[in-house]
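The values are calculated or read from the model by the stated rules, or taken from the named source; none is laboratory data. Note that the coordinates shown come from a computational prediction; the quantities given were computed from them, not determined experimentally. Quick reminder, even Gly has a Cβ in these numbers, built from the backbone with ideal geometry, and neighbours come from all protein chains shown. Heads up: the accessible areas ignore ligands, DNA and RNA and are worked out on the full protein's heavy atoms, side chains in. Shrake-Rupley method; radii C 1.70, N 1.55, O 1.52, S 1.80 Å.
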Amino acid sequence: MRIATWGLVLGCIAGTLHAQESSDTAAEPGAAPSPPAESTQQPAAAAPPAEVVPVQEASPPASSPGEPIRFDTLEVTAQRRRQKLQDVPVAVTAMTQDQVQVRGITRLDDLNSLAPGLQVSRSPANTTISQLAIRGSSQINPAIYWDPAVGVYLDGVYIGKAQGSIFDIVDLAGIEVLRGPQGTLYGRNTIAGAINFVTREPTGVFSGHAAIEYGTFGDRVLRAALDLPRLGFADLTLGARSERRDGWVRCDGAQCPVSELNNRHSDGLHFASLMDLRTDLEALYRFDWTDTDQSNSFLQLVRSDDPRLQSYVHRPRQTQADINAPSGELAKVQGHALTLNWTHDARVTLKSITGWRKVRWVDKLDLDGSPRVIAQSQRHTRYEQLSQDLTLSGHVDPFTYTAGAYYFQDDGYTVNPIYVESGALDFDSRYGTQSRAWALYGQGDWLALEKLTVTAGARYTREKKDLDRVYGYRSASVLPYTYYMPPGYRAPGATFSAFTPMAALAWRFNPQLNVYVRYAEGFKSGGFNGEYSSISDTPEANQQETDTPFRPERQKSLELGAKTSFFGGKALANVAVFQNKLTDLQASIFVASGAAASVIRNAGKATVRGLELETALVPVEGTQLRAGIALLDPKYDEFLDAGRNEADNRAFVHAPRTAYNLVADSQFWQTRHGALRAVVDWVWTDSFYTYPYQLQPDPNPPGQQKAEAENTRVAAYGLLNARILFAGIPLGGTRLGEIALWGRNLTDDATASNFIDFGPGAFQNLTIANFVEPRAIGLSGALRW
């Protein structure tokens, strides 16, 4: 399929280029023609959650970045309708198509710290599982029964689970990051915020691009996209991306199952069709497909009290490994999104978004990072989801409204065998989860006074969850399994519901200053502990733990913000201060028994306070300077562990106290032969903890939580990325060339970026880590027409 796909794309490019040659209009001598403009057709009324309209006003095409920029005209759809960024009473970061392209953003994990308060990392050992946090609310457990704290949407469709959520998004056209609870318009599992990705729509004009890239570690990337002229009532676009990169960790031991780790091997497709079914009815179908089949990230052994492992313990980043367990990661992801947009008149719009997504995901891990047979695991997951969102929006002076109904269902199953100590223990662990959720929601704006806008809304959500569980163990491969929960075991279902209101007041002092106060609520779904396993407990105790659901986590947020623009729209400064109150806090607790899995506990309460600042400035035409900073002060008010309050002695996870991002983007040389542009991007993140472990060692801790947080603390680190490109090179007709030199992690930072700590109760304080990838430099070339 990959060969056929690339043959189709390149064949279409070659054929249509030849056909276009004869129809090119004559260009003015010496002038570089502009590429076709991106389609900006969108209804004037409401848009669905991820229908993020690419911001055109501040985003000229990548080949002509020097056009005039005005930040006060940027538009977003954070409230599911087009509004100017400076008018929205929500903390939002918008990234345009130009910014996405020039900064090389193609996946979810490319967004780390690019919006204040947003932290994106990969789950330990994996490159296709995300760990997302905004304003201190996070999710760290990769199992499919665990729901995220940040909602991720692609083309209006919610991505339900962390497994498989990091994939190549082909033809990415825009991104919005919404910070704070979004429970009214976005619903469940947006307790921390939402990230909206939107892919490029067809233009109906013949255009396209093809690019090739080479870099460190033999990195090879091919990209191509093609827009066809209108065919009947439809516009069509097709995009493809393929990447191959050697691993930067060599596996050279006698028992190594693979020759390298940390490689990349992925292919992706994007197809879209925009159809005018009637004068008042438009349909937009999008399809995305990604196939990732590569080795996993090396789990480097950084700590152990086991004397057999001491010669394999290394704290600095290593580029050689010696392991013995099967190792690999596979993620096959496909998604379909159909948007129907019916416009009754200029004031009323009805929109339907139907989404279906499917994931097949596998990993095979050596959990001890050595050639010893200490601990190995595998996860084989299948997952499907279906969603339907129906939205009615309109405007009747002085009111603007959005109302809708939403349905979501999913079904997933994971087979998770775990092997310990050369087969001394062999666990048969399997779990399946099913969800059915529906919601009704509405929100409206009232222009109460010339300068005062009152916004209010609410959402009611109800969902049902079920869990299938198999758990057994044996002490030798020749023995039968002893089952605590045999095949066919099912936990009693549980139903959860939530009412999530919001209210905001915005006062526009003048066209350059808008101040707002916003109250919002959100919740993260409850569920069941699908991995609980303890051979020291009775089968009845295991079943009771599995049958008892954990409650939804809830958050109440108060935010005060100011959005300002000045210097004639060539500068902006947006600031937000907030206080979040969390109850029934869901904490992932490592249980050092049985299969050494994690469970989720409603640990208690927390208060998170913070400040976020985003600034942008155009000092001269063609140059942008951007800066964002987030200050965070998280604190547990209550953290119950085995009935004892440990609020003062538990680490708050994935919550760096300071993080900032600086960007300089300048087109500093323009000629009739092209333009020279440079982009420098610096991201710095303060230290943070990855597990809610003890801050101060307690010789008699409650429960089983004996591990120390300091052993899994990520040190503060910074990443420097840069790109220099010469774009808009006239190649005849409408064809333009582009060459670029890029570098990632130019300072070659080697910080340990994530951990798995088994604690003293399992494998003798075995701790493994992933590290920031080494410095990479590359060269790319592109042709646009």
Return a yes/no flag: does region 731-746 have any residue that is modelled with pLDDT under 95 and small (G, A, S). yes
Counting only residues in region 538-551 that are open to solvent by 50 Å² or more (accessible area, probe 1.4 Å) and of a type in the set (D, E, K, R), the one farthest from the chain's Cα centre (by Cα) is identified as E540
Taking region 752-781 and keeping residues at pLDDT 95 or above, open to solvent by 20 Å² or more (accessible area, probe 1.4 Å) and either under 18 Å from T712 (Cβ atoms) or assigned to a strand (DSSP E or B) (or both) leaves S753, F771, I777, L779, G781
Scanning region 510-537 residue by residue, those farther than 30 Å from P148 by Cα, in a loop (DSSP other than H, G, I, E, B) and either open to solvent by less than 10 Å² (accessible area, probe 1.4 Å) or not polar (S, T, N, Q) (or both) turn out to be P511
Checked region 153-187 for anything closer than 25 Å to A240 by Cβ, assigned to a loop (DSSP other than H, G, I, E, B) and not hydroxyl-bearing (S, T, Y); matches are D155, G156, G164, I166, F167, D168, I169, V170, D171
Matching residues in region 340-379 (within 30 Å of R308 (Cβ to Cβ) and in a strand (DSSP E or B)) number 10
Within region 702-730, restricting to residues that are basic (K, R) and modelled with pLDDT of 95 or more, the one that is most open to solvent (accessible area, probe 1.4 Å) is R713
Against the definition (under 24 Å from P774 (Cα atoms), open to solvent by 20 Å² or more (accessible area, probe 1.4 Å) and outside any strand (DSSP E or B)), how does P326 come out, yes or no? no
When restricted to Q409, Q434, Q443, the only residue assigned to a strand (DSSP E or B), more than 30 Å from V515 (Cα to Cα) and open to solvent by less than 50 Å² (accessible area, probe 1.4 Å) is Q434
Being charged (D, E, K, R), more than 14 Å from the chain's Cα centre (by Cα) and at pLDDT below 95 narrows R122, R103 down to just R103
Checking E531, E521 in turn, the sole residue that is farther than 22 Å from G180 by Cβ, among the acidic types (D, E) and in contact with a Ser or Thr (Cβ under 7 Å, 6 or more places away or on another chain) turns out to be E531
Selection over region 483-503 where residues are without any contact (Cβ under 8 Å) to a residue 24 or more places away in the chain and open to solvent by less than 70 Å² (accessible area, probe 1.4 Å) yields a count of 1
Of (1) part of a strand (DSSP E or B); (2) open to solvent by 20 Å² or more (accessible area, probe 1.4 Å); (3) not β-branched (V, I, T), P229 fails just (1)
Those residues of region 286-305 which are crowded, with 18+ Cβ neighbours inside 10 Å and of a type outside the set (S, T, N, Q) amount to R286, D288, W289, D291, F298, L299, L301, V302, R303
Restricting attention to region 619-660, the residues that are among the aliphatic types (A, V, I, L, M) and either under 30 Å from A675 (Cα atoms) or assigned to a loop (DSSP other than H, G, I, E, B) (or both) number exactly 6
Quick check on region 766-784. Is at least one of its residues among the polar types (S, T, N, Q) and within 25 Å of Q376 (Cα to Cα)?
yes
Against the definition (touching a residue at least 60 places away in the same chain (Cβ under 8 Å) and not charged (D, E, K, R)), how does P257 come out, yes or no? yes
Just one listed residue, out of E450, E463, is closer than 30 Å to Y519 by Cα and either small (G, A, S) or touching a strand residue (DSSP E or B) at 6+ places or on another chain (Cβ under 6 Å) (or both), and it is E463
In region 638-647, residues that are under 15 Å from K581 (Cα atoms) and either open to solvent by 70 Å² or more (accessible area, probe 1.4 Å) or over 31 Å from the mean Cα position of the chain (by Cα) (or both) total 0
Conditions (1) under 30 Å from G737 (Cβ atoms); (2) open to solvent by 70 Å² or more (accessible area, probe 1.4 Å); (3) touching a residue at least 60 places away in the same chain (Cβ under 8 Å) -> D665 fails only (2)
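A quick yes/no check of all residues on (1) buried (at least 23 other Cβ atoms within 10 Å of the Cβ); (2) β-branched (V, I, T); (3) closer than 20 Å to E329 by Cα; (4) at pLDDT below 95:
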site	(1), (2), (3), (4)
T339	yes, yes, no, no
T343	no, yes, no, yes
V348	no, yes, no, yes
R357	yes, no, yes, no
R360	no, no, yes, no
D363	yes, no, yes, no
L367	yes, no, yes, yes
S370	yes, no, yes, no
Q376	no, no, yes, yes
Over region 75-96, the set of residues closer than 23 Å to T343 by Cβ and among the aliphatic types (A, V, I, L, M) is V76, A78, V88
Expected single match for crowded, with 20+ Cβ neighbours inside 10 Å and in contact with a helix residue (DSSP H, G or I) (Cβ under 8 Å, 6 or more places away or on another chain) among L274, L222, L238, L261 is L238
Per the list (1) among the charged types (D, E, K, R); (2) closer than 18 Å to W785 by Cα; (3) surrounded by 24 or more Cβ atoms within 10 Å (Cβ to Cβ), residue check on E176 breaks on (2)
Restricting attention to region 682-701, the residues that are surrounded by fewer than 22 Cβ atoms within 10 Å (Cβ to Cβ) and either of a type outside the set (A, V, I, L, M, F, W, C) or touching a Ser or Thr at 6+ places or on another chain (Cβ under 9 Å) (or both) number exactly 12
